[in-house]
Structures are given as C-alpha cells and as structure tokens.
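Heads up, the thing below is written out as structure tokens.
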C-alpha cells in the first residue's frame, strides 16, 4: 500500500509483492555487502572495524521498515472494519 500524508491509501500492490518487497530488498542489499566483503574490497583506513556494525544497522533498518509497514497495514485494515 502507498499512503498519503493524510493517511488514506492511494495505491495497493498484489499481496505477495507487498509483503515480499522489503525482505527481498534487504536480502539483496545484504548479499551485495557480503559479496563485496569477500571480493576483498578494502574499507578506508580507520573504518575497518565499522563493517559489522554498519551491516547490522542496515539489517535492523530493514526489519524496522518491515514492522512499520505491517503496522500501517494493520491500522488501515482495522480502520476499514469499523
């Protein structure tokens, strides 16, 4: 679903696409980071210790976005039931 600033639904995607989009993006981005790590792409000097924390922060961001999306869906569905 796509929400306007007023909180109304503007557009809805098919259910499978809507529920799988953020996890698929997360898997793709984290896979690219993992591949770049193993391809010996060197971080800048002084940033060597930041690879794992930044990767974990990105993963947590994807999880938070998915939880937000589920919350917005739940709020919209409960509003329509009333």
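Taking region 28-50 as the range and being surrounded by 11 or more Cβ atoms within 10 Å (Cβ to Cβ) and either more than 19 Å from the chain's Cα centre (by Cα) or not in a helix (DSSP H, G or I) (or both) as the test, the residues that pass are 36, 37, 43, 50.
Considering each of 68, 57, 25 in turn, give the residue that is on the phi < 0 side of the Ramachandran plot, modelled with pLDDT of 85 or more, out of contact with any strand residue (DSSP E or B) (no Cβ under 9 Å at 6 or more places or on another chain) and surrounded by 12 or more Cβ atoms within 10 Å (Cβ to Cβ).
Numbers: 68 fails: surrounded by 12 or more Cβ atoms within 10 Å (Cβ to Cβ); 57 fails: surrounded by 12 or more Cβ atoms within 10 Å (Cβ to Cβ).
Exactly one of 68, 57, 25 is on the phi < 0 side of the Ramachandran plot, modelled with pLDDT of 85 or more, out of contact with any strand residue (DSSP E or B) (no Cβ under 9 Å at 6 or more places or on another chain) and surrounded by 12 or more Cβ atoms within 10 Å (Cβ to Cβ), namely 25.
The values are calculated or read from the model by the stated rules, or taken from the named source; none is laboratory data. All values derive from a computational prediction rather than experimental measurement. FYI the Cβ positions are ideal-geometry reconstructions off the backbone, even for glycines, and counts take in every protein chain you see.
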